[in-house]
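The structure under discussion appears below in the form of C-alpha cells.
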Amino acid sequence: MYEDWLRVGKIVNTHGVRGEVRVISTTDFSEERYAGGSELMVRLHSGEEEIVKVRSHRVHKQFDLLQFEGYTSINEVEKFKGCILYGDSETLPDLDEDEYYYHEIIGCLVQTEEGEELGKIKEIIQTGANDVWVVQRSGGGKDILLPFIEDIIKDISIEEKKVTIHVMEGLLE
C-alpha cells in the first residue's frame, strides 16, 4: 500500500510538552506537504508503519514543527524520535520545466563533461541561496559538494538517472 510513498523528513526530536515533533525536512514543498489535514506515514523503529494526520505545522529556526491529530502530549510522540516521515507521491504538485523533485535527483550518477564518472548523489542540502548536492565518490573518499548552479550543473537526465557537470577549479578537492 505504501510503495509510492516518498521520504519527506526525519523526526529528530519532540518540541515542548504538547505533542509537537521537530522535523528536518527533505521535501521541496513543506507548506503543502505538512498542511493541516495531510496524511503522512511514520516508519517506526520496529519497522511498523503508522499513518498520522497533520493537525498543525509551523517553522521554528531550521525545523518544521508538526503536531498530529490525536497526539497531545510529549509522552505520546516520544516513540517517533529518530523515525523517518513519508508522504504520498500522488499528492505531489506539478513542476515547471527544468524543475525536479529531490527523489528524482538522489541516486543519479554524476559525470563530468568528459564522461568521467564521479559517483552518485546521496543527499541534497538546502542552504537558502541554492541547494547543494552531496555526491558519494565511486572509488570512496571524501564526498563532493556540488552547488546547484548553472555554471556547474550542465545536464540532468531523469530518465537515464544521470547528471553531467562542468568541473570548475577546486570543485573536486
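Every read-out reported here was derived from the displayed coordinates using simple, explicitly stated rules and does not represent laboratory data. All figures in this text were calculated on a predicted structure; none of them were measured in a lab. Positions of Cβ are backbone-derived with ideal geometry, glycine not excepted, and every protein chain shown enters the neighbour counts.
Points 7 angstrom from Cα along the Cβ direction at GLU104 and GLU50: gap in nanometres?
Computed distance between label sites GLU104 and GLU50 equals 3.4 nm.
Please compute the length gained on full extension between VAL12 and GLU78, using 0.36 nm multiplied by the number of residues separating them and subtracting their Cα-Cα distance.
Separation in residues times 0.36 nm, less the Cα-Cα distance, equals 22.7 nm.
Just to confirm the filter: which GluC sites (Glu not before Pro) across the stretch 66-106 are DSSP coil and have at most 11 other Cβ within 10 angstrom of their Cβ?
Details: sites: GLU69, GLU76, GLU78, GLU90, GLU97, GLU99, GLU104; in loops: GLU69, GLU97, GLU99.
Answer by residue number: GLU97, GLU99.
So what's the net charge close to THR112: Lys and Arg +1, Asp and Glu -1, counting the other residues with Cβ under 15 Å from its Cβ?
Neighbour charge sum, excluding THR112 itself: -4.
Want the number for GLU159 to ASP143: 0.36 nm per residue separation, take away the alpha-carbon distance, what's left?
So the extension gain works out to 3.3 nm.
Which entry in (1) 11, 39, 30, 16, 3, 0; (2) 9, 35, 37, 15, 3, 1; (3) 9, 34, 29, 20, 7, 0 matches P(r) over Cα pairs in 10 Å bins from 0, in percent derived from the coordinates of this structure?
Read-out taken from this structure: (3).
Counting alpha carbon pairs within less than 8 Å and at least 6 residues apart, what relative contact order, in whole percent, applies to the stretch 102-165?
Computed value for the stretch 102-165: 31 percent relative contact order.
Out of the stretch 16-59, which GluC sites (Glu not before Pro) are coil in DSSP terms and have no more than 10 other C-beta atoms within 10 Å? Before the final figure, lay out the partial values.
Numbers: sites: GLU20, GLU31, GLU32, GLU39, GLU48, GLU49, GLU50; in loops: GLU48.
Passing sites in the stretch 16-59 are GLU48.
Which value in nm describes the separation of the simple spin-label points at VAL59 and SER89, placed 7 Å from the Cα toward the beta carbon?
2.7
Using just the helices of the chain, give the 222 nm mean residue ellipticity in deg cm²/dmol: DSSP H runs with n ≥ 4 each add -39,500 (n - 2.57), and the total is spread over all residues, rounded to 500.
-1000 deg cm²/dmol
For the chain, give the magnitude of the charge dipole about the Cα centre (Cβ charges: +1 Lys/Arg, -1 Asp/Glu; no others), in debye to the nearest 20.
Details: 19 positive and 36 negative charges, 261 e Å.
Dipole about the Cα centre, nearest 20: 1260 debye.
Which ³J(HN,Hα) values in Hz, rounded to whole numbers, follow from the phi angles of the stretch 121-129 under the Karplus curve 6.51 cos²θ - 1.76 cosθ + 1.60, where θ = phi - 60° and Gly and Pro get x?
6, 10, 6, 10, 10, 8, 10, x, 6
Excluding residues on the same chain fewer than 8 positions from LYS81, give the aspartates and glutamates whose Cα lies under 16 Å from its Cα.
Straight-distance partners of LYS81: GLU20, GLU48, GLU49, GLU50, ASP64.
Using the number of other C-beta atoms within 10 angstrom as an exposure proxy, rank ASP143, ASP64 with the fewest first.
By the 10 Å Cβ count, ascending, the order reads ASP143, ASP64.
For the stretch 102-165: lysine pairs with Cα atoms under 14 Å, gap of 8 or more or different chains, count?
Lysine pairs satisfying the spacing and distance rule in the stretch 102-165 number 7.
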